[in-house]
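Below is one structure, written out as structure tokens; the observations come after it.
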Amino acid sequence: MDGGGGGSSDVFGSSTAPLTWHDFLDRMRHPSAADFVKSIKSFIVSFSNKAPDPEKDSAAVQEFLSNMEGAFRVHMLWAGSSEEELESAGEGLEKYIMTKLFNRAFASLPEDVKHDEELYEKISLLQQFVSPENLDIKPNFRNETSWLLAQKELQKINMYKAPRDKLVCILNCCKVINNLLINASIASKDDPPGADDFLPVLIYVTIKANPPQLYSNLLYIERYRRRSRLVSESAYFFTNIVSAESFIWNISAESLSMDEIEFQKKMDSARAYLLAQSTNIENQKDQVSESNPDQASEVKSGISSYMQKNAQNLPPNPIVKAPSISDLENKGAADLLKDEQPIKYFQEYPFLFAQVGDLTVDDVENLLNSYKQLVLKYIALSKGMGIPITSAAAPGTQPQSTSDTNKESEGVIDEETSTEMSTIIDRTNDSSSENLFSGMDDPEPKISIDAAITQYGC
């Protein structure tokens, strides 16, 4: 496997090493790295001051990364380092450079922005009527729980700025699907699934997820992910998501096995429905504006965010239903990340930032009471909204040994919480610094999802 030191299940090799990002920043802060810092700063300034030209920009970044990684190999900071450590340095450099250049390099052309908008609008229409049958997805490959998990992984793509981190979101989505197909094939004693089985499911999941700026995200990865690392399984999955995006962009009645007249009728109906929902929202905003002008601007922003993030959850008929718990959760998380001081909302929850070793026996009773209150509130909310109540574990999941269960659960909870909370805490605590490499504690997406797949019973 390319990347040195990676196992068969780790397509990023050494890039998953825990100290990759922080180790790189620590070395760059060393006095002997002054020349590196100067070169990096010079490149960032030079790149930022030029007009966007994706082809030249991509070539410039690829060349700079290659030259710098070559310089790392002969520098005293990496003297005696293994290939894994050198690879990690390259990953850290790419992440740093592209995080700094993100606003300049991502969706840098008006035509790319237009393509994003048109693709998002088209998918919003397709969400209203495209079914697994339209894509010839086999019945034994239809698993709403797995599909929802895959959608959530893909929807995380805009949380990150580094090409590798965005690629990890795609990888996680694809691996959820791949595990679903493999397990379903084993259960039905069919032949192992192939590309003809995988791509239709990925297309359907992508339609349901509809992440904003999907086209620009794929271009960004293609242009600025170090090409020597976009290989093997990660390259295979990336090629598939590009194919899925292309299929959706060019989707037609024929590709959905539909009559042309029926296809156009469904598209027109979906367009009319979404327009009606938009009109209802506008009326709500006008009513709020009249009753409380001071809150009009805030409500307008919140509703726009809600509509964009939850377009795929609109019902396929003109009856407006209440948002689901998942809808409310996603909206609340999005609004929370926009808050300038989000940490204030978490201060009354003492166990949120605790590690296992921080807890005492006396804490058990408090934790149990908190858990019971949380469950009661969740059940009451679900019943009040008329939403089916689902348990944390998938029905039919067999219990594992205590040690295995604890190990997997701890991995899922710690890494998920760490990633999501780091996004909030970093935005709160980040401050400017004269040091070029200060304030760069960017979160990374979780790569290993085997425990999550087990938890969801995929």
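Worth a mention:
- Environment charge of Phe129, counting only residues whose C-beta is closer than 10 Å and scoring Lys/Arg +1, Asp/Glu -1: +1
- With contacts taken as Cα pairs under 8 Å and at least 6 residues apart, segment 13-256 reaches a relative contact order of 24 percent.
- Scaled against the 2.2 N^0.38 Å expected of a compact globular protein of N residues, the Cα radius of gyration of segment 13-256 reads 1.14.
- Charge tally for Ala270 (other residues, Cβ to Cβ under 11 Å; Lys, Arg +1; Asp, Glu -1): +2.
- Put in order of Cβ neighbour count within 10 Å, fewest first, the listed residues Glu260, Glu87 become Glu260, Glu87.
- Ordering Asp191, Asp116 by the number of other Cβ atoms within 10 Å of each residue's own Cβ, fewest first, gives Asp191, Asp116.
- Sequence-ordered 3J(HN,Hα) estimates for segment 199-211 from the Karplus curve with 6.51, -1.76 and 1.60 and θ = phi - 60° stand at 4, x, 5, 4, 4, 5, 4, 5, 4, 5, 6, 6, x Hz, glycine and proline given as x.
- Rg to Rh, two decimals, where segment 87-135 supplies the alpha carbon set and Rh follows Kirkwood: 1.27
- Using θ = phi - 60° in the Karplus curve 6.51 cos²θ - 1.76 cosθ + 1.60, the 3J(HN,Hα) couplings for segment 238-254 round to 5, 4, 5, 5, 5, 5, 5, 4, 5, 4, 5, 4, 9, 4, 9, 4, 5 Hz; x is entered for Gly and Pro.
- Surrounding net charge for Ala105, when Lys and Arg each add one and Asp and Glu each subtract one, Cβ distance under 13 Å: +2
Where a number appears in this text, it was derived from the coordinates with a stated rule and is not lab data. What you are looking at is a predicted structure, and each value in this text was computed from that prediction instead of being measured. Heads up, the Cβs are rebuilt from the backbone with ideal geometry, glycines too, and the neighbour counts pull from every protein chain shown.
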